Each structure stands twice: as C-alpha cells, then as structure tokens.
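The block underneath contains the structure these notes are about, expressed in structure tokens.
The values are calculated or read from the model by the stated rules, or taken from the named source; none is laboratory data. Just so you know, these numbers come straight off a predicted model, no measurement behind them. Note that each Cβ is placed from the backbone with ideal geometry, even for glycine, and that neighbours are counted across all protein chains shown. For accessibility, only protein heavy atoms count, side chains too; no ligands or nucleic acids. Shrake-Rupley method; radii C 1.70, N 1.55, O 1.52, S 1.80 Å.
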Amino acid sequence: MLHIYCPHCGEYRDEEEFHSVGQAHIARPLDPEACSDEEWGEYLFFRKNPRGLHHELWVHSAGCRKFFNMTRDTQTYEIKEVYKIGEQPTVVVQLQAVSGAQS
Amino acid sequence: MTQHNRLTSGGRIDRSTSMTFTYNGKSYQGYKGDTLASAMLANGIDVVARSFKYSRPRGIVAAGAEEPNAVLQLGATEATQVPNVRATQQELFNGLVSSSTNGWPSVDTDVMGMIGKIGGNMMPPGFYYKTFMFPESLWETYESMIRKAAGMGRAPRETDPDIYDSINQHCDVMVVGAGPAGLAAALTAARGGARVIIADEQNEFGGSLLNSSEPLDGKPAADWVHDVVQELRAFENVTLLPRSTVNGFHDHNFLTVHERRTDHLADIAPAKMVRQRMHRVRAKWVILATGAHERPLVYANNDVPGCMITGAVSAYINRYGVVPGNDLVVMTTNDYGYQAALDWAAAGRKVVAIVDTRSVANGDRVEAARQRGLTIITGSAVIEVQGSKRVTGVSVAALNASGTQIVGSVTKLKADTVASSGGWSPVIHLSCHTGSRPVWSDAVVGFLPGPTLQKQLTAGGINGQYETANALQEGLEAGQQALAKLGLPDVELVLPKVKTLNMAAPMSLFHVPHLKPTSQAPKQFVDYQTDVTAAGIEIACREGFEAIEHVKRYTAMGFGTDQGKLGNINGMAVAAKALNKTIPETGTTVFRPNYTPIAFGAIIGRNCGALFEPERYTAMHKWHVEQGALFEDVGQWKRPWYFPKAGETIQQTLNRECLAVRNAVGILDASTLGKIDIQGKDAREFLGRVYSNAWAKLPVGKCRYGLMCGEDGMVFDDGVTACLGENHFLMTTTTGGAAHVYEWLEIYHQTEWPELEVYFNTVTDHWSTATITGPNSRKLLEELTDGDVSNEAFRFMDWQQITVAGVPARVFRISFTGELSFEINVQANYGMAVWEKLIEAGKKHGLTPYGTETMHILRAEKGFIIAGQDTDGSVHPYDLGMGWCVSNQKPFSYIGKRGMNRSDCVRENRKQLVGLKTKNPKQVIPEGSAAVLDPNGVKPLSIEGHISSSYWSETLGRSIAMGFIKGGLDKMGESVFYPLADGTVIEAEICSPIFFDPKGERQNV
Amino acid sequence: MSDVTSTTKLEQAATKAAVMNQLPADKESLGQSPLHHADFASAAKRGAQKGGIHLSELALLGHLTLRCDAGNLEQLAAVEAILGVPLPLTPLTSVEKGAYSVRWMSPDEWLILVPGLEAFSIESQFRDAMPGHYSLVNSSGGSTVLMLSGDNAVELLQKSTTIDWHLSVFPVGKVVSTLFAKSTATIRRTDDQRFELIIRRSFADYIWLWIQDASLEYGLVIEA
C-alpha cells in the first residue's frame, strides 16, 4: 500500500485515503468544436501506459478532497514527487535514456 | 502412552503443568511450553501425514515455520476447525484436538499409499496437467478427487465464533525477528529513542538462543534474553509482539503482522478476547533479522519418518527436553551439523555416527565430538535410508571430492533417526515481497537479500551470519544505522561475550548421489509437501523447462503451503546440475506474501457480519423499520422498498401504493438523493458547463431538471437544481451518483476552470426530504404550513421557504410521479418530527407511505428515466428522446456537447429509448429481455435492443415497459418480439414512453 | 432581482445567497440527533460505569462550513471579527475560544462548531460582514459530534483509522479528516486521551456499532 504525501495537508497518509484519477496533464481542448473526431478521441480515450515514470492525477478523497499530481514509477511504485495542480513535474523521463533504451 | 522420548530435566517446558491433547482421536500428554510437535515427538508419534502425491508416511522434519509435513487440522468443534496449522508452531494447550489432514482411512493404514508404492512411476512431474486437463469439462470432477486424495485441510462448515481484528501501527523501526540479531537491534534502537516494534513468530523471544546450549557471558543464553526483554518492556515507545508473524513486507515500508493472541490458550478464545489480530505497520525503517533455515540433504528415501534436520534435533532436545529417537546418524556438509550429535550424546542417547561429506573435518565442534568419542566418518554420505514408517537403518558410502559420485563400498548402520545438514539458507522471504530478487553468495552457499527500494536493513542469519557473536554484532550495527538514518543519537551497547568457534569451510553439496542414476534410485525428495523428487526435476529439465520459474510450475516445487522453505534451494541446485549451469545462472524464484498461511478471519478483521458494509440510514429510518418496510440497497443506503400490509403479496402492495398516489396522496422518503450546495458568482456559469441544458436565465425561486453527460456525450446522472439565490444553487443528484458527481464538479473546478468563483459543498446528510405526491398533497400541506401553497402562489417548478409542522422548510414543487407534488426539505435533525406530523395529518387524506419500487412504477408510467437503469454509459440525451434537455445555444462548449456530435453519435439507427406495450396487456416483459424483429428468423437472431424498465401498472390496468430499439423513435407502432428463456415469445408495440397523462396536466393543478 | 441593485456591496452579497434560520421555535423537543434512538442518556445510567473507552455525543450543535481564500486578508479579518479567533491557516490545526471552535479542513475550507442556537446568527453575521468570494453552508443536520476518551481511546482509533496517533506527531489541537473503518470522520485531539469525532449523519449508526464492537475488549462507558 502506497504512502502518499498530500501536498495540501502536508503529511503522509495511506493510499486508501486517496483516489487515482489517471494520467495527469490532460488539458481539455480550449475549443472542443474545432477538434476533429480523431483529435477528440485522442483527448478522451488515449492514455499512456508507461513502464517507469508516469505523471498521475490523484485526489485526497477522504482527507482534504484536493487534487494534486504525482510522478510515480509504475515498475517500482516509487513516488518521485507530488506537485500541485498547475505546476509542472521536475522528475521527467530523460530523452537520452529513452533513446538509449531503444537502441 | 507415556512420553518415552521426554528427558527428565532441561528445556523450557514446565513439567509441573501437564496438558492433555488428542491426535487422530487418541489422547496424549504433554507439558506447558511444548509445541504440538514437541509433544507428539515426546510421545513417539512418528507418522503425522501421508504425502501429497505418493501417499508415503511422513514424520516431523523441522521445529519451526519451515516444517513441511506436520501440517494438521485443529479444532474441537465444527465451528472451530482450522486447517494448515504447523504442529511446530502451535503451542500446546489443554484439550487441544488435532488430526492429520490426509491418509484414508488413517495415516497409519493408508489405501492411497498402495498407489504411491506401485504406481509411483505412473505419476511423473506434470502428471496432473498431462492427465486431468482434458476434457476440460471434467476438471471440476477431477479437482474434487485430487483435493480429497491430496489431503488438503478443510474450512469449518459453521460460523467461526471468534473475533479477529486489525490495528494500524506506526514506528520508526520495525524489527522482524527476536533472535540475537533482532534483540540487539531493537535494544539499540530503543535506547536511541526510536519508536520500535519487534515481532517474532514464536511465543518467546530469543530465536535460536532458545534452542542452543551455547552460553552468553558464561550464563544460559535465556538469561540475557530475559534481561533484554525486560529492558525493552520498560520503554514506553517499544511494542513487543510475540506470537506474531510478519507475513508481508509491502511497498513503502508497510508490513502486515499476524498476531495469534489466544491460539495458545484454548480451542475458542476466552470471552471478549480477540483471537488473532493483524497489525498493519508503517515503519520508517525495517530491520530484517529473520535468521536462517537449515537445508536438509537430498538422499534416497529421505522422507522416511525419523529423517530430520540437525537444528531441529538440537531444538527439541534443548528447548523442549525431547529426544526424538534413540540411535542417531548425522550427515553434514558443515560444522554446525555436529551440534545435534553433541546435544544427542549429552542427552544420554546413542550417536551411531557422524557422516561428514568433507574429506577433512577439523573445526572446534568437530574436535568436541572427537573428544566425546563420537564416531566420525569423513568423505562419506548417507546415500539411502531403510524403513517405511520409521527409519531402521542407513547406507553409508564414500564420496568423491566434489560429491558427485559414490567411490567406495556401502556400509549399513542401524539407526532410527537421521539428522542431515546441507548448510543454512537465509530467510530472505520478506525482502523479496516488493520485487527484489535475491543474490547468490558462494561464501554463504545461499541466496542473500537483493537490492531494494525499501528502507530496509538486515542483520544476522539473513546475511549468512550464523554465529551468535556475529549476529549480535550485526544487530547492534543495524540498530545504530537506523538511529543514524532517523537522525537520532548513537548509542553504545555492550554485547554479551560468546565463545567464538573455529569453523572449517562447508562443502557445497545439495543432492547426495546414489549407486544408481537418479531416475532409478529410490525416491530422493526435494520438496516434501508437494512430493517433488530430484528425478522429477531432472525430467522437467529434460522435457525442456529451463527457466526455474517453469520448472517450479511444472513440478509444483515450492507450491505447498510451506512455499518450499526447506526444498527450494535444493531444487534449484538439482535443476542447475541437470542444466549444466551454476545456481546463480539458474536463478531463483521469489517469494510472495504471506510467509506462512493466515486464517481468512485475520485478513477480514471486523469487516464481516453487521460490519461488513456500512448501512446508511435517513433520519426517518426508525419509522420505516417500525412500519415493517422492506428495504432496498441503493449504494450503501437502505431505502424503503415497499411497505407491505399483513397478507399482501408484493404486487398487491405495489398496486395499493400506486393507486394511493394517483387517487389520494403518497409519501416517500427522498432524503437519500445527493445534494450539493453551490455558491459563488460563477455558479450559474459552472452549471451551464456541466449540464447539457441552459441555466443562464433560471430565476431565483425556480427549479430546473438537468442531464449531466461525460465528455463522450453520454448521460451519467440527472437531477433537479434549484436557484436559491442569484449566486446560490442547490443541486440534487441520484442517490448512487452523489459522490461521483461531487468529485466530477471538483475535478473540473480544480483542474480545468479554477478561475471560476464557485464553491461546492455536499449537504446530502444535512437535509431530510419528505415527498408528498398525489391530488391530495396540497390539502395535506395546507394543514401544516403558514405559507400560501395555492397553485397561483406556488407554481410548478417553484421552490419556497415556508414552515411545515412548525419547522422551517425549503419546499420544492417538482414531481417525479406526474402528480401534484411537494418535496419538503428540513434540517435532518427535524426530519422525523416533520415526517410524523405529515403521517398524522395525512390520515384523513388517505396518505400512504410508499417505497422505491412504487416510485419506479410511477415514474415509468410518466416515461421518466432513471439514470443507471435506463442509461448505461452508452446513451446520449437524444438517444433518450430528451433533446429538449440540450441547449446548443450556450457560448461555452459544455461537457458532452462535442462528444454528442461525434460521427457515431449522430449516425442513423442508434438505439433509442421508447415505450413498449405488450400485445397481451397482462404480460410483463422481464427487464433485460432482448428485442428481435423476427423470432422465427435464422439464428443467431439480430438483437435490436433490450428492455430497461418493465412493470405492471395498476393505474393503467396493463403492463408497461421502456427499452431501447435501434432507430426506435422512427418506428412508432411497429412490433418487436422478446423471446424468453422458457421458449415463449412476447410481442410488443413500440410507442411513446409516456403512458399516463401525456399532456402533463396532473402536476400543474 | 433588479430591485436589489441599489443596495450596498455587502448587502448585495448577502442577498445573493439564501440564508435561512433552519430551527423551529420548539427546538428542544423536536430535534433528533443522528444517534437519538441510541438513547445515550439511559445507557449512561444503566450501562457500564468502568471501562477503557468513554463515549458521549455532543448533539445538535451548529456546524458551519466556511470556504474562502486563506490569502485574502479582508476575509481573514472579517472571520476573526465574527468568531473572536483567527482562522487556523496551518494545515491540520484548530483553534478554540469559548463555545466556538474552528478546524482546518482543506486549504480553503474550515469547519466551525458553535452552539446550536447560534448557527443562524453567526451565518447572518458572515453574510453581513464577509467580503469577496466565499461560501458558508449550515451543515448542522448532516453530522454529529462524538467525544471519545479513556485509557484505550488511542487503541480504538488505531483499529479504526490509519493515522499515527502518537503524541509526538499528533499533538492536542491537531485535526484530520480521514477514513474511519469504512466511513469517514474528522477527528481532533482535545486532550492526551480525548478526541472529538465529527461523523456524518447517515453513517452514525454504522460508526456507533463499530465503536461498540471495537470497545468490547476494553469496556465501553457511555456518558450522558
């Protein structure tokens, strides 16, 4: 069971107080009507499923009920960072590492 | 029967407290301090099980959690049956009732054993896969036969009377294992001021120190243990958990610790006591001091009762005062094995020989054995055992230097006990639970904990440090490291003095060769519990299984409830040899929780029976119960389903309730609907974005129905929202959808539109709602209010703040039945008072309480949908014929708008919600029935839709239904057919879903 | 609503939300707390008088949920003027003065408890004095308050929640919203061995049942 630091409450709580909402940083298109069906479908349905670093949206549903972002390693379950909505992650996949893994 | 293997003195048992227990119906005596296993051995019980596949007699091999054979069924009554109990871990209590789980008619005279003897070669590895998998349809038959033959334990058929619970713990340092390393670690951490939990699976702390005759500071080791435990107990921040197995080490330093609080006291826990407790521990640092398990050697007929591991022999002698035989042969690859012989001799029984597989033996323990005059045969091994229900003798032969071949002639010795030691395997199970792979060490001849992301330290046997002095030192260091990591002050600890023994190097030997090739030699068991032999592993390798994970699954090695604690390393060594690889090249399987079996009760805790799931009640619940309501579960809510009167069938009740609403007045507890208070200057804008219809012009004092869609355009919730003030709204949601809708609003506000000035607050529980509906509802309300509720003053879809029965109320004139209706909302503390006044005053108006079932019928008569019943995540408002509830004039592209316009959402022939009238008005179509156009057509028939709601309408004197039909809105008047499971077909005509009062006049009166 | 445009800014703000005195004149006899039927008064007389868990209900208090901007000094000043104490801005803290107490619930949310009869008056004061964007919701009917104390109170909380209750990390005055068994609760430590549990009305029976069950081994004393 994960131990999650809520950036709003300022302390660690058990995973069961939280609810994962899925991939973070999925912005709603500003002009949905201008989207093609394909673009809308991308926004709606297509999500990453990486092995390794993943940026996720969580909510402290049984606590302060605030949403926040988490960078988590899907393989090791390490939580690299939590950060508030509107902020950007500091722990990101290094492009070099990716190309190295592919070669 | 007497305890003829019991010594007259020594051990940690209380000879003055005698205890009676039964095993397979026979009564025996043991002492307080015994385990069931030690008491059985004291009484000379040799056979404790029949083996899984070959049904061979099996005896006790070990003295701890690694025991593979003495896995018994406990319980004096049906309700207290417990399967899978290791006799080596069960403390004896007076009146304990135990039995072996397999063997028919008994373990001593077993019919299946004949198959084991005659048919052994007919059961190769993969036997079950090869034999029983086809035809698949017979698997269930096979499975029950296999289970019976294999002798799995059984669950009780009656309710367990005991209480199991769980408790959450936090600490700085969790120490797993209270042997020398764990105690030193815990004491160091505690003295440094850390919050410490130390757990050990045994009843007493001390671990290996309790089994050993080795003194500390010149005194019995138990004295030091006692002092340490006393000091630990005195710390306020230290929790000692004996009888507690750390069964799981999960992510982020979360551990599950299974404490057996009363299993040692009686068959059933004393009153008010919790039998077993799961401690859910979150630790900042974990120190694993789990020790090591001794490895037996693999030799022919090594499963005959009387074959044990050397450490167990010492433990039974030193801790329990039990010598499990008369004439001992020790076979060892290392110096530790000599200790069993020394202890055996000290107990006054005969050591026939110590067979050392090494050509030279010269360590301190070896010298001690020599001085004692014990026979030592070097460079040799026990290659085979004689006997069936007990060892009667052994065959000893000389080995070559690498231990791969017999080089000398065979000597036969008489003995009834063989203790073997192939070295020790660190207990690394917990370190594997979060995915860390163990690492082989040639020096240790075993796997060590691998790299991990957990905040984990290790000390003692788990690191291959088996000498007490080293274990103590490592425990101290681990404690100091933990203190340093926690930023706590370092402490000094004076460790007790232990004599350091001179040790010769062990030999790396696992599988003892035989004169015959492995495949032809008598069975050489690797895994006792699943009956896997060295030959079986070789066959698996020959058949092409190279990965150790595949060998494991093909042979079932390690699949028993002991997880292969004794056999896994030996099995890997046999596989490595067969594959011509090293052990690290072959690799190891990993271990998963739980370390030892756990009762389901301990996992479930108190979340059973009445506490299994919360039941949510409204303020009027007690009244409903008193009126004999039957309840329907809606989410966690208990809602009155219907209110039967004496002698009524359910349909008679529903008919009565429906007619009362249509002809007089009914009352419904609608408190469970989700309610969300919305305030802020942008509240109105927000509503426009989350509902499909328009909200810009809804004036204060008015209510409006809204549909809520996902971004895909599909309806997921609906409800009425009232404009309470210019910047203030009260939204209602479905009962089951309340939490989801609240989170939906918050996620859009917090992540997409934080600039909108609006706050949401859940007020579901704050308001109680009594809905009165029917032509007499106004008359009833008038009696109890000071307000003007006339049709002129209080219009349909208005809300007003008036007083009802003396209580301030917000009354909404909205209707889910099509009748004149008032939904009376009062602060929930006054809900019951207002309800009772309504009931009292309603008598003369024919007021009838009704439940959710009548509510469903009444709304279906009006064609109103229920989100979740008439929607399933694949229908948009137009599919529901509710285009009137969509506004495409709104400037903002509200949630669902773009989705509704996807090509698939605007295509022809989508399934649409329509009404359905059966040709025979008395027939009610079962909900879920599939529609076809031609029931006599070629099968498979094309499915045109399905029924979502279907009822008998007493008001209309006929059945009514709502359902989906492809292109249904354009097929009014056409017929569709519903073939039923019983072969009959119901014909129905597609019609408007509004069956009653199509102009909606009744709600406007 | 055109006739209200001539009012002052504050009056305007007040009229834009519906404020309602929700209490009847006959408050005492009509009101039923969520645990009314458990009849703590009788249980206190005839039940156990000794035990490791003590429980009482603070029924029918005024519960007000305030949402506003912790960075808005005008709002903070207005709140302090009304309640006599400043809003606790540090997460998981609470303040108390006389019969008023305020709990931090979220970065923009506070739960205020006042005597039941004062809820409407306080709410009205907010509507008169509070500037800017905020919301105030009377939630008095939606929850109740249990006071849990005794030698085993912490153990009962450990059985029911995953929070660390050690005094070094959970001092007096700290408040958390968390899962309580399979329900939720807002829990504040009011003394070393004394806790205030604010629980939802509809879950009150479940929690009452849970507490009785979890107290079995310690003994439960009901206090009136």
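Within region A:1-19, identify whether any single residue is modelled with pLDDT under 95 and within 11 Å of chain B (Cβ to nearest Cβ), and answer yes or no. Give the steps one after another, and end with the answer.
Quick first cut of region A:1-19, residues modelled with pLDDT under 95 only: A:1.
Filter once more, keeping what is within 11 Å of chain B (Cβ to nearest Cβ): A:1.
Yes, there is a match, as at least one residue in region A:1-19 is modelled with pLDDT under 95 and within 11 Å of chain B (Cβ to nearest Cβ).
Contact list please: Cβ distance under 6 Å, first residue in region B:515-541 and farther than 13 Å from B:K53 by Cα, second residue polar (S, T, N, Q) and not in a helix (DSSP H, G or I), pairs at least six apart or on different chains.
Filtered contacts from region B:515-541: B:P522/B:N301; B:Q524/B:T533; B:A534/B:T518; B:A534/B:Q524; B:A535/B:T518; B:A535/B:S519; B:E538/B:T518.
Please specify each residue of region B:319-360 satisfying the condition of being open to solvent by less than 10 Å² (accessible area, probe 1.4 Å), out of contact with any Gly (no Cβ under 6 Å at 6 or more places or on another chain) and hydrophobic (A, V, I, L, M, F, W, C).
Hits for region B:319-360 are B:V322, B:V323, B:L328, B:V329, B:M331, B:A340, B:A341, B:W344, B:A353, B:I354, B:V355.
I'd like to check which strands (runs of 3 or more DSSP E) are fully inside region B:921-1003 and have at least 2 residues that are open to solvent by less than 50 Å² (accessible area, probe 1.4 Å) and among the aromatic types (F, W, Y). Working first, answer last.
On the way: elements: B:945-953, B:958-966, B:975-979, B:985-991.
Output list reads B:945-953, B:975-979.
Across region B:845-865, what is the number of residues that are open to solvent by less than 30 Å² (accessible area, probe 1.4 Å), within 22 Å of B:P877 (Cβ to Cβ) and hydrophobic (A, V, I, L, M, F, W, C)?
2
Among the residues of region C:67-88, count how many are within 14 Å of chain B (Cβ to nearest Cβ), out of contact with any helix residue (DSSP H, G or I) (no Cβ under 7 Å at 6 or more places or on another chain) and either acidic (D, E) or under 18 Å from C:T186 (Cα atoms) (or both).
Number satisfying all stated conditions: 1.
Since B:T771 meets every condition but one in (1) touching a helix residue (DSSP H, G or I) at 6+ places or on another chain (Cβ under 8 Å); (2) buried (at least 24 other Cβ atoms within 10 Å of the Cβ); (3) polar (S, T, N, Q), which condition does it not meet?
The one condition B:T771 does not meet is (1).
Any residue at all in region B:493-511 that is in contact with an Asp or Glu (Cβ under 9 Å, 6 or more places away or on another chain), open to solvent by less than 20 Å² (accessible area, probe 1.4 Å) and charged (D, E, K, R)?
So far as region B:493-511 goes, no, none of its residues is in contact with an Asp or Glu (Cβ under 9 Å, 6 or more places away or on another chain), open to solvent by less than 20 Å² (accessible area, probe 1.4 Å) and charged (D, E, K, R).
If you take just the helices (runs of 4 or more DSSP H) that sit entirely in region B:559-608, which of them hold at least 2 residues that are out of contact with any helix residue (DSSP H, G or I) (no Cβ under 9 Å at 6 or more places or on another chain)?
B:600-604
Return the residues of region C:22-67 that are polar (S, T, N, Q) and surrounded by fewer than 16 Cβ atoms within 10 Å (Cβ to Cβ); say none if nothing qualifies.
Matches in region C:22-67: C:S29, C:S42, C:Q49.
Does region A:79-96 hold any residues that are open to solvent by less than 30 Å² (accessible area, probe 1.4 Å) and either in a loop (DSSP other than H, G, I, E, B) or farther than 22 Å from A:A27 by Cβ (or both), and which are they?
The answer is A:P89, and nothing else.
I'd like to know if region B:700-715 contains one or more residues that are more than 43 Å from the chain's Cα centre (by Cα), farther than 23 Å from C:R200 by Cα and within 11 Å of chain C (Cβ to nearest Cβ).
Among the residues of region B:700-715, at least one is more than 43 Å from the chain's Cα centre (by Cα), farther than 23 Å from C:R200 by Cα and within 11 Å of chain C (Cβ to nearest Cβ), which makes the answer yes.
Hey, which of the helices (runs of 4 or more DSSP H) in region C:1-97, taking only ones fully inside, have at least 1 residues that are modelled with pLDDT of 95 or more?
So the answer is C:40-46, C:73-83.
Restricting region C:70-91 to residues that are surrounded by 13 or more Cβ atoms within 10 Å (Cβ to Cβ) and polar (S, T, N, Q), which is nearest to C:D128 (Cα to Cα)?
It comes out as C:Q75.
Quickly run through region B:719-742 and pick out the residues that are in a helix (DSSP H, G or I) and more than 14 Å from chain C (Cβ to nearest Cβ).
B:H740, B:V741
So, in region A:45-78, how many residues would count as being at the interface with chain B (Cβ under 8 Å from one of its Cβ atoms) and open to solvent by 30 Å² or more (accessible area, probe 1.4 Å)?
5
If you go through region B:619-674 one residue at a time, how many are within 14 Å of another protein chain (Cβ to nearest Cβ), of a type in the set (S, T, N, Q) and open to solvent by 50 Å² or more (accessible area, probe 1.4 Å)? Give the derivation first.
Just the residues of region B:619-674 that are within 14 Å of another protein chain (Cβ to nearest Cβ), to begin with: B:619-626, B:631, B:633-639, B:669-674.
The next check asks that each one be of a type in the set (S, T, N, Q); those that pass are B:636, B:671-672.
Within this subset, residues satisfying the condition of being open to solvent by 50 Å² or more (accessible area, probe 1.4 Å) are B:636.
Looking only at that region, the number is 1.
Does at least one position in region B:213-231 carry a residue that is within 14 Å of another protein chain (Cβ to nearest Cβ), in a loop (DSSP other than H, G, I, E, B), touching a residue at least 24 places away in the same chain (Cβ under 8 Å) and open to solvent by 40 Å² or more (accessible area, probe 1.4 Å)?
No.
Going by the structure shown, is B:N825 more than 9 Å from chain C (Cβ to nearest Cβ), modelled with pLDDT of 95 or more and open to solvent by less than 20 Å² (accessible area, probe 1.4 Å)? Steps first, answer last, please.
On the way: more than 9 Å from chain C (Cβ to nearest Cβ): yes; modelled with pLDDT of 95 or more: yes; open to solvent by less than 20 Å² (accessible area, probe 1.4 Å): yes.
Yes; evaluated as a whole, the condition is true for this residue.
If you scan region B:774-792, which residues turn out to be within 14 Å of chain C (Cβ to nearest Cβ), part of a loop (DSSP other than H, G, I, E, B) and open to solvent by 30 Å² or more (accessible area, probe 1.4 Å)?
B:D786
Output the residues belonging to region B:249-269 that are under 20 Å from C:L156 (Cβ atoms) and open to solvent by 10 Å² or more (accessible area, probe 1.4 Å).
B:E259, B:R261, B:A269
Residues C:G173, C:G150, C:G219: which one is on the phi > 0 side of the Ramachandran plot, out of contact with any Asp or Glu (no Cβ under 7 Å at 6 or more places or on another chain) and within 12 Å of another protein chain (Cβ to nearest Cβ)? First the steps, then the outcome.
Working: C:G173 fails: within 12 Å of another protein chain (Cβ to nearest Cβ); C:G150 fails: within 12 Å of another protein chain (Cβ to nearest Cβ).
Testing whether each residue is on the phi > 0 side of the Ramachandran plot, out of contact with any Asp or Glu (no Cβ under 7 Å at 6 or more places or on another chain) and within 12 Å of another protein chain (Cβ to nearest Cβ) leaves just C:G219.
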